[in-house]
Structure formats: structure tokens, C-alpha cells
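**Q** I'd like to ask some things about the structure below.
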Amino acid sequence: MPDSLPPVAAEPVNIEPPVSALDAMLTPADILFTRNNGTVPDNLPGWTLSVTGLVARELALTPEALRARFPTVEIVSVLECAGNNRSAITPAVDGQPWGPGAVGCARWTGVRLADVLEAAGVSPRAVYVGFRSPDHVIGKPGVEALSRGLPLAKALSPETLIAFGMNGAPLSALHGAPLRIVAPGFPGSAWQKWLREIVVLDREHDGAKMTGLDYRMPRHPLRPGQDPAGTEFDVITDMPVKSLITAPLEGFSTPGPVAVRGFAWSGHVPLAKVEVSADGGGTWHPARLEPGASPWAWRRFTTELAVPPGPVTLLARATDMAGKTQPMDPPWNPRGYLNNAVQRVGGVVAG
């Protein structure tokens, strides 16, 4: 495991681990990918989280008061950037050029967002919550870098947390200290870091990177390169079913049979199965699925394939309980979001 990971981009700081580092059930904090849209705020003394908007009682809570007032809970959940594996999209699109490593699974500690909202007394007119943080666009103080939100139903779901810990330790600055949102099943953009304000709204939040093409998908498929002008877009909510082969790695050389392992996960629709192919998808072999640490955690899959000597490309595909299966080719959209195409790992089986 590497001692440090090179950033994908120096400013803002965006860091992606290699697939070789993602073979643990819980992804260490120093390995988990880092996605930032702007500056990394300091965890300054006197940090206060406010709850405002359509509430009966506005709240102002320090992280210490938050922990003292509300029950502490833990949840194991996958965190994945909506642009994970964007670099495989063709033709190329704008956005952070992630490979397949903008994903991980961790144990998050915090309080339920629902408990905090209940204490504030949410208005019957509320439909959405918006989040605000002090990070700003690089070189533009005062210009919000990211201000996302959640539909009220997701905000009130028991798995949605205001987190202050990860894998048994306090959050680091890069991962959102002192407080961040944890929204299992939703893209990482919804997991607002450095949380300073929760605003309860009677409409969809329109903060920084909530509108236009940012973290939104077209309602109807677009052809590669098609101009999105005039197309209706929706905010990304549920993440699609996906799998990742963590061994063997690209360029492998091994005697047969070939032992294959990795992880698979889904959004709100549970994972059903994983299959592996060594003949371009002509034949699919079922993999063994281990239980997940929670309904939101990824699940280990393993199998062995009898493969004749010579070059081979391994494929893995996952299917959810609704019957949705990973496509063979990446779906194109103007920002390269939600690429859950079947993964390919090439190597050689020794004779």
C-alpha cells in the first residue's frame, strides 16, 4: 500500500488511489480518494453548525454539542464520485479525469441528520435540504465551490448522517473535518464536507454545482458529442450497480486456474449477483458473494476460472435486484457521470 498518493490535480486537491490499494473491506482514510472543488478549509476553533430555513426552531450547534445532544451511530457505506472512471468515456468530456479508483468503503460515525432536523422542527412545506460550507473556488474568496443538498426523504432516512468520524478516528481535513454529510447510495457530491449550514427549503436547492450540467444526468440519452442545449437534466441521486476487480491486476501473468476477486456494490437497489467472463462476455460464470458489513457496504466476490494458456481479458459485471446489469460499454453524457460499464482486466495465463 502506498505511503502517499499523487494528486490527480494539485489545485483543487483531488487524489485517486490505484486499484491495487482497494482490496480491503474498509478503505483506509489515507487511501480513500479525495474530491475537492475548491479550497480545503481549516477546522477552526468555534466551528458551529447552523440549521435554518423552514424550521420551527433554528439551531446552532458546535461539534461537541452535536455529539452530546444526539445519539451516536455508525454505518459502513461505499463512497463513490459520480465521475468515477470518467477517463474511459469516449469521446472525452470535461471534468476530473478519474480512473476507476474514485471509490471506497468506510465505517462512518456520526449522528442521524433526521434527529437534528426533528429537533429543529421541519415545516410541512419542506421538500429539500441544502448544505453550505466555507470552501471557496481557488483564487476567488467568497465564491462558493460546492453547495449541494438532498431531497427531504433522503435527509430523513436513518442511514443519512452528519459524520465526525471515519474508521474509528476523527475525520481528517481532506475528508471534511469537523463535520460532513454521509448519504449512502447517493454520489459523493451529496456528501457535503466541512458542513457549516443546513437550510430547509420548499424547493430543490440551487447552490453551487446544483444546476446546469453539474452532477446532473439527461432525462433522455444523448448521442456521443451531442450538444446538450435544450435537453432536460435531473440531479443525480441513486448510484448504479457496479463491480471492481481488485485481483489479478492489469498486466497479470499467472498459471491457471485464474483466481478472481473484487468488490461489487449498488445504490438503493440491493445487489443481486456478480458474474465473471474470460471470453469477451460470451460465457458468464457466477461468482461467490460474501455478505456486506451493511446494506450500503460493498461486497466481496470471488471465483476461479479455468482459462487456456495465452492472453486473456477478464470481465466482471454486477446485477441488482431490479434486474439492472452493468453495460458492456460506458454510457455517454456531457460530463461523463455514472460510468458503470463492465470492467476489463488484461493479462496472460501461463502454460
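**Q** Out of the residues in the stretch 174-228 that are among the charged types (D, E, K, R) and assigned to a strand (DSSP E or B), state the one that is farthest from residue 133 (Cα to Cα). Reasoning before the result, please.
**A** Residues of the stretch 174-228 among the charged types (D, E, K, R): 180, 193, 196-197, 202-204, 206, 209, 214, 216, 219, 223, 227.
Pick out the ones that are also assigned to a strand (DSSP E or B) and you get 180, 197, 216.
Working: 180: 9, 197: 7, 216: 21 Å.
Among them, the one singled out is 216.
**Q** What strands (runs of 3 or more DSSP E), lying completely within the stretch 65-153, carry at least 1 residues that are charged (D, E, K, R) and either surrounded by fewer than 16 Cβ atoms within 10 Å (Cβ to Cβ) or in the same structural domain as residue 188 (by TED's automatic domain parsing) (or both)?
**A** Numbers: elements: 73-80, 103-112, 128-132, 149-151.
It comes to 73-80, 103-112, 128-132.
**Q** Taking residue 181 as the residue in question, decide whether it is among the β-branched types (Val, Ile, Thr), within 21 Å of the chain's Cα centre (by Cα) and over 30 Å from residue 299 (Cβ atoms).
**A** no
**Q** Taking the stretch 170-201, which residues are out of contact with any helix residue (DSSP H, G or I) (no Cβ under 9 Å at 6 or more places or on another chain) and aromatic (Phe, Trp, Tyr)?
**A** Hits for the stretch 170-201 are 191, 194.
**Q** Tell me which residues, restricted to the stretch 229-265, are assigned to a loop (DSSP other than H, G, I, E, B) and under 19 Å from residue 344 (Cα atoms). Before the answer, list the steps.
**A** Taking the stretch 229-265 first, the residues assigned to a loop (DSSP other than H, G, I, E, B) are 229-232, 236-241, 248-251, 256-257.
Those that are assigned to a loop (DSSP other than H, G, I, E, B) and under 19 Å from residue 344 (Cα atoms): 240, 241, 248, 249, 250, 251, 256, 257.
**Q** Also: Taking the residues in the stretch 221-275 that are among the β-branched types (Val, Ile, Thr) and more than 21 Å from the chain's Cα centre (by Cα) as candidates, determine which candidate is nearest to residue 310 (Cα to Cα). Working first, answer last.
**A** Kept after step one, since they are among the β-branched types (Val, Ile, Thr), are these residues of the stretch 221-275: 231, 235-237, 241, 245-246, 254, 258, 260, 269, 274.
Now narrow it down to the ones that are more than 21 Å from the chain's Cα centre (by Cα): 231, 254, 258, 260.
On the way: 231: 47, 254: 10, 258: 12, 260: 17 Å.
So the residue we want is 254.
**Q** Give the residue, chosen from 229, 177, that is hydrophobic (A, V, I, L, M, F, W, C) and more than 24 Å from residue 92 (Cα to Cα). Before the answer, list the steps.
**A** Values: 229 fails: more than 24 Å from residue 92 (Cα to Cα).
Residue meeting the stated conditions: 177.
**Q** Continuing with this model, one more query. Evaluate the stretch 317-340: report whether one residue or more is of a type in the set (D, E, K, R), buried (at least 18 other Cβ atoms within 10 Å of the Cβ) and not in a loop (DSSP other than H, G, I, E, B).
**A** Yes, the conditions are met somewhere in the stretch 317-340.
**Q** Name every residue in the stretch 278-300 that is in a strand (DSSP E or B) and in contact (Cβ under 8 Å) with a residue 40 or more places away in the chain, in order of residue number. Show your work before the answer.
**A** First, pick out the residues of the stretch 278-300 that are in a strand (DSSP E or B): 285-286, 288-289, 299-300.
The one that is in a strand (DSSP E or B) and in contact (Cβ under 8 Å) with a residue 40 or more places away in the chain: 300.
**Q** Shifting gears a bit: For the stretch 289-305, name all the residues that are farther than 30 Å from residue 75 by Cβ and either surrounded by 19 or more Cβ atoms within 10 Å (Cβ to Cβ) or modelled with pLDDT under 95 (or both). Explain how you work it out, then say what you get.
**A** Initially, the stretch 289-305 is screened for residues farther than 30 Å from residue 75 by Cβ, giving 304-305.
Within the stretch 289-305, 305 is the sole residue that qualifies.
**Q** Could I ask something else about it? Determine which single condition residue 274 fails, assuming it passes every other condition in (1) farther than 26 Å from residue 107 by Cα; (2) free of Cβ contacts under 8 Å to residues at least 60 places away in the same chain.
**A** (1) is the only condition that residue 274 fails.
**Q** Could you say which residue among 229, 259, 264, 272 is in the same structural domain as residue 305 (by TED's automatic domain parsing) and surrounded by fewer than 16 Cβ atoms within 10 Å (Cβ to Cβ)?
**A** Numbers: 229 fails: in the same structural domain as residue 305 (by TED's automatic domain parsing); 264 fails: surrounded by fewer than 16 Cβ atoms within 10 Å (Cβ to Cβ); 272 fails: surrounded by fewer than 16 Cβ atoms within 10 Å (Cβ to Cβ).
Every option except 259 fails the conditions.
**Q** Kindly list the number of the only condition in (1) under 16 Å from residue 340 (Cβ atoms); (2) at pLDDT 95 or above that fails for residue 116.
**A** With respect to (1) under 16 Å from residue 340 (Cβ atoms); (2) at pLDDT 95 or above, residue 116 is out only on (1).
**Q** Same structure, new question: Go through (1) farther than 20 Å from residue 338 by Cα; (2) touching a residue at least 24 places away in the same chain (Cβ under 8 Å); (3) part of a strand (DSSP E or B) and name the single condition residue 60 misses.
**A** Only one criterion is unmet by residue 60, namely (2).
The values are calculated or read from the model by the stated rules, or taken from the named source; none is laboratory data. Note that the structure is a prediction, hence the values are computed from the model and not measured. No Cβ is skipped: glycine too gets one built from the backbone with ideal geometry, and neighbour counts run over all protein chains shown.
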